[in-house]
1. Enumerate the pairs (first residue in segment 29-55 and under 13 Å from T73 (Cβ atoms); second residue anywhere and part of a helix (DSSP H, G or I) and among the aromatic types (F, W, Y)) with beta-carbon separation below 7 Å, excluding pairs fewer than 6 apart on the same chain, so at least 6 apart or on different chains.
2. Report every pair of residues separated by at least 6 positions or lying on different chains whose Cβ atoms are under 7 Å apart, first residue within segment 56-77 and closer than 16 Å to E27 by Cβ and part of a loop (DSSP other than H, G, I, E, B), second of a type in the set (V, I, T) and at pLDDT 85 or above.
3. Looking only at segment 2-24, which residues are outside any strand (DSSP E or B), at negative phi and surrounded by fewer than 14 Cβ atoms within 10 Å (Cβ to Cβ)?
4. So if I check each of A30, A72, A67, A54, which one is surrounded by 12 or more Cβ atoms within 10 Å (Cβ to Cβ), of a type in the set (A, V, I, L, M) and farther than 16 Å from T6 by Cβ?
5. Sort out which residues of segment 1-12 are without any contact (Cβ under 8 Å) to a residue 24 or more places away in the chain and of a type outside the set (D, E, K, R), and write them in order of number.
Amino acid sequence: MDFKRTGHNSVEVTTADGTRVLFSYGEPVALRGPGKPKRTDRYVSRTTEQHINAFLNVTPAERVPHADILRATKEAR
């Protein structure tokens with residue numbers, strides 16, 4: 001597992017299976033891994049939106065329920 005601080009209150013964790021998880025203010029908000037990138041569908045602050053956009057690097061992402069982001073984060077190894 002690789003832990004990388006990407007900004008103030010923004011952290012990216014890369015798991016052993018290659019899944020990258022973006023945490024903003026301690027909450028997982030986006031995933032990159034096999035398949036299309038995913039982002040939370042819940043309202044986020046302007047700063048968290050900037051964190052997500054920087055993480056996705058203009059790649060279109062599928063909006064999924066926040067519970068799916070939490071589940072995928074817990075299942076990532």
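The values are calculated or read from the model by the stated rules, or taken from the named source; none is laboratory data. Since the structure is predicted, the reported quantities are computational estimates derived from the model, not experimental observations. A quick note on method: Cβ atoms are made from the backbone with ideal geometry, for glycine too, and the neighbour counts reach across all protein chains shown.
1. Cβ pairs passing all conditions: A30/F55.
2. As it stands, the answer is A76/T15; A76/T19; A76/V21, since those pairs meet every condition given.
3. Going through segment 2-24, the residues outside any strand (DSSP E or B) turn out to be 8-9, 15-19.
Among the residues that remain, those that are also at negative phi are: 8, 15-17, 19.
Within segment 2-24, H8, A16, D17 meet the criteria.
4. Just one listed residue meets the conditions, A72.
5. Looking only at segment 1-12, we keep the residues that are without any contact (Cβ under 8 Å) to a residue 24 or more places away in the chain, and these are 1-5, 8, 11.
Of everything in segment 1-12, those that are without any contact (Cβ under 8 Å) to a residue 24 or more places away in the chain and of a type outside the set (D, E, K, R) turn out to be M1, F3, H8, V11.
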